[in-house]
Every structure is written in C-alpha cells, then in structure tokens.
Amino acid sequence: MKKLNCIVVFDKEKEKILFCKRMKDPYKGLYNFVGGKVEEKETDLEAAYRELSEETGITNQEIELFPLMDFTYYQQDFILQIYVGKLQNEVTLVEEKNPLIWLTLDEDFCNPKRFAGDRNIGHIVNVALKYLL
C-alpha cells in the first residue's frame, strides 16, 4: 500500500494555515495542504520534511512536525498521513509547482468548491487546532 502525506503548517501565531492551490487533478483548482509521496527508502517523517521543503522552502530548522492522524483508503490502496507543525519564525515561501497562500482560520474549510479532500480538510483543521504546539 503506498503512502502519501499532507502537512498542516501554522504560522508563528497559529492564526493562519498554509495551503497550495492544486494545478492538476485530483482536485485541480482547489486548495489543499502541501505534501506528497513517501519514497521507498525514507521514513514517513523524512518524507514529510522533504515534501514540505520541496514545495515551500520550509526546512526542519524552521518547523517541527508531529504526526496528527492517518486515513487508510482501502479501495484506492493508499494511506494518507497527516502531520502538523507551527513555524518558529516568519519565512519566505518558495513555490515549487502549486501557488501557496496563507488562509485565516475563519475560512469554511469544508467548502468542496474551494477545498480538496471531500470535506476532510475541515476535520483535519479542527483536530490540528487542538494540538498543543
């Protein structure tokens, strides 16, 4: 079963969350957390840091990531691992393919016309907000 990850990145004040706008399917044109695939010879956490760095320029010197939850999609044969972290300082974002945006916590993260994940993003944000960072 392949593994994918998504990373919930809070700003330093925990007032905003970092999203990317997907440029390809699935969920083309919708906001999603940054993340990607776990490669064969890396740990799950190494993959999360690598994907975060590749897609945003944020390194493990600027954020500490913690596992938050997993979703197992048996029909699609993959596990989606969710990590959470809070930036220690302001950062300059470096976009890879998908445009990046900071969104405030008053967003409707369950809106399927704006957000990927079949309304899972709202649940993930609610759980992440309870995480003591």
Result of the Cβ filter at 7 Å on the stretch 13-34, keeping first residues that are within 21 Å of Gln81 (Cβ to Cβ) and partners that are at pLDDT below 95, at least 6 apart or interchain, is Asn32/Gly117
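Quick check on this structure: which one of Ile58, Ile7 is part of a loop (DSSP other than H, G, I, E, B), hydrophobic (A, V, I, L, M, F, W, C), touching a helix residue (DSSP H, G or I) at 6+ places or on another chain (Cβ under 8 Å) and open to solvent by less than 80 Å² (accessible area, probe 1.4 Å)? It would help to see each step written out before you state the result.
On the way: Ile7 fails: part of a loop (DSSP other than H, G, I, E, B).
That would be Ile58, the only listed residue that is part of a loop (DSSP other than H, G, I, E, B), hydrophobic (A, V, I, L, M, F, W, C), touching a helix residue (DSSP H, G or I) at 6+ places or on another chain (Cβ under 8 Å) and open to solvent by less than 80 Å² (accessible area, probe 1.4 Å).
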In the stretch 97-113, anything in contact (Cβ under 8 Å) with a residue 40 or more places away in the chain and in contact with a strand residue (DSSP E or B) (Cβ under 6 Å, 6 or more places away or on another chain) is listed as Asn98, Pro99, Leu100, Ile101, Trp102, Leu103, Thr104
Exception for Val125 within (1) closer than 17 Å to Gly35 by Cβ; (2) part of a loop (DSSP other than H, G, I, E, B) falls at (2)
Exception for Lys97 within (1) exposed (fewer than 12 other Cβ atoms within 10 Å of the Cβ); (2) outside any loop (DSSP other than H, G, I, E, B); (3) of a type in the set (Lys, Arg) falls at (2)
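Residues checked against (1) at pLDDT below 95; (2) under 22 Å from Asp25 (Cβ atoms); (3) open to solvent by 50 Å² or more (accessible area, probe 1.4 Å):
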{"site": "Thr92", "(1), (2), (3)": "no, no, yes"}
{"site": "Cys110", "(1), (2), (3)": "no, yes, yes"}
{"site": "Lys113", "(1), (2), (3)": "no, yes, yes"}
{"site": "Asn126", "(1), (2), (3)": "no, no, yes"}
{"site": "Leu133", "(1), (2), (3)": "yes, no, yes"}
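Can you find a residue in the stretch 32-48 that is of a type in the set (Phe, Trp, Tyr), at pLDDT 95 or above and not in a strand (DSSP E or B)?
Initial filter on the stretch 32-48 (of a type in the set (Phe, Trp, Tyr)): 33.
Checking the rest, the ones that are also at pLDDT 95 or above come to 33.
This time we only want the ones that are not in a strand (DSSP E or B), so: 33.
Yes - at least one qualifying residue is present in the stretch 32-48.
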| Qualifying residue in the stretch 66-75 (condition: over 22 Å from Lys12 (Cβ atoms), of a type outside the set (Ser, Thr, Tyr) and surrounded by 19 or more Cβ atoms within 10 Å (Cβ to Cβ)) | no
When every residue in the stretch 10-46 that is among the aliphatic types (A, V, I, L, M) and more than 12 Å from the chain's Cα centre (by Cα) is compared, the one most open to solvent (accessible area, probe 1.4 Å) is Met23
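The values are calculated or read from the model by the stated rules, or taken from the named source; none is laboratory data. Keep in mind it's a predicted model, so treat the numbers as computed, not measured. Using ideal geometry, Cβ is built from the backbone for each residue, glycine included, and neighbour counts are taken over all protein chains shown. Note: areas computed on protein heavy atoms with side chains; ligands, DNA, RNA excluded. Shrake-Rupley method; radii C 1.70, N 1.55, O 1.52, S 1.80 Å.
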